[in-house]
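Asker: Dumping the structure here so I can ask a few things about it.
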Amino acid sequence: MGEWLGVAIALASSTLGGTAAAITRYLVGGADPIMLAILRWGIGFLCLLPCALLLGVRWPQRSDWPAVALLGICFFGLFFILYNIAVSYTTAARASLALATLPLHTMVVGAILGVEQLTVRKITGVGIAVLGVAAALAAGLAQSPPGAWRGELIMTGAVFCMAFYNVLSRPLMRRSSALGFLTVGMGAGAAVLVLAGVAKGSFAALDRFTTGQWIAGIYLGIGGGALAFILWVMALARATPTRVANTMTVNPIAAALLAALLIGEPITPNLLVGLVAVFAGIWIATSEAKPA
């Protein structure tokens, strides 16, 4: 039940992440990539810190703080700046399609670091899920913006940041708590982003925000930031990195649905076929029996 619960929590997190991709695409014309990351993780951190203090969470050990902070800067800082740049070049669905290769990256990183053993069933499940995403969105690839390949290339490269975060974060969480680990990492990433935003003058964009953009930005921080990643680290604490990462394949489905409502990105009939394949792949990779 621990593995299944972890996967279910990760599914909810990945769905929120997909909606955040659509919101980012909606906001990308009014703010630069650094400002978008500040909205997501600055607001997210302001939500997390009071919760962590009120709940009296177990914070990372003093010797672990440099590693936790470095992971947070790499993930919440570097990865999401690259993520926002990628979304500025392409559609939310296509960017999320590149992000859905996370299970493959996580399997490779986990195997390289000796954290997780690959099995035929895991590889099969991940492959079916990723192919399902490709089938779901293939019909819309011809309608992509000019130069969209740059966005997908940037996103594919950036996914390695999240793969290393997934694999390396689990032992650090075990020595503290999921919420304590997340708060410290997100705080470190948000601090670096704010410094970069001040240096670049990114905050000037807020003066031009409309009411709709402010609502979208606040949702990006609360839903796509704090809540999505509370659920993500809870999932990592209960299931293996590859099985958690495999749920990322629902991300482009959620992104495509919300982007269609917000900015009119097209939805194709292949979406339903891909959705079936996605959940089939997740079930195959997650239902492998443990050895006695």
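Asker: Can you pull out the residues in segment 109-133 that are modelled with pLDDT under 80 and open to solvent by 40 Å² or more (accessible area, probe 1.4 Å)?
Answerer: Val115, Gln117, Leu118, Leu131
Asker: Out of Ile9, Ile43, which single residue is in a helix (DSSP H, G or I) and farther than 17 Å from Ile81 by Cβ?
Answerer: Matching residue, one of Ile9, Ile43: Ile9.
Asker: Oh, and also: Name the single residue that is modelled with the highest pLDDT among those in segment 76-96 being among the hydrophobic types (A, V, I, L, M, F, W, C), within 12 Å of the chain's Cα centre (by Cα) and buried (at least 24 other Cβ atoms within 10 Å of the Cβ).
Answerer: So the residue we want is Phe76.
Asker: Give the residue, chosen from Pro66, Pro60, that is open to solvent by 60 Å² or more (accessible area, probe 1.4 Å) and at pLDDT 80 or above.
Answerer: Exactly one residue qualifies, and that residue is Pro66.
Asker: Within segment 136-157, count every residue that is part of a helix (DSSP H, G or I) and either open to solvent by 40 Å² or more (accessible area, probe 1.4 Å) or modelled with pLDDT of 80 or more (or both).
Answerer: Of the residues in segment 136-157, 13 are part of a helix (DSSP H, G or I) and either open to solvent by 40 Å² or more (accessible area, probe 1.4 Å) or modelled with pLDDT of 80 or more (or both).
Asker: Which pairs turn up if I take residues in segment 8-30 that are open to solvent by less than 10 Å² (accessible area, probe 1.4 Å) and look for partners that are among the charged types (D, E, K, R) and not in a helix (DSSP H, G or I) with beta carbon separation below 9 Å, at least 6 apart in sequence or on another chain?
Answerer: Going by the 9 Å Cβ cut-off, the qualifying pairs are Ala10/Arg238; Ala22/Glu265.
The values are calculated or read from the model by the stated rules, or taken from the named source; none is laboratory data. Keep in mind the model is a prediction, meaning the values are calculated, not measured. No Cβ is skipped: glycine too gets one built from the backbone with ideal geometry, and neighbour counts run over all protein chains shown. These area figures cover heavy atoms from the full protein model, side chains too; ligands, DNA and RNA do not enter into them. Shrake-Rupley method; radii C 1.70, N 1.55, O 1.52, S 1.80 Å.
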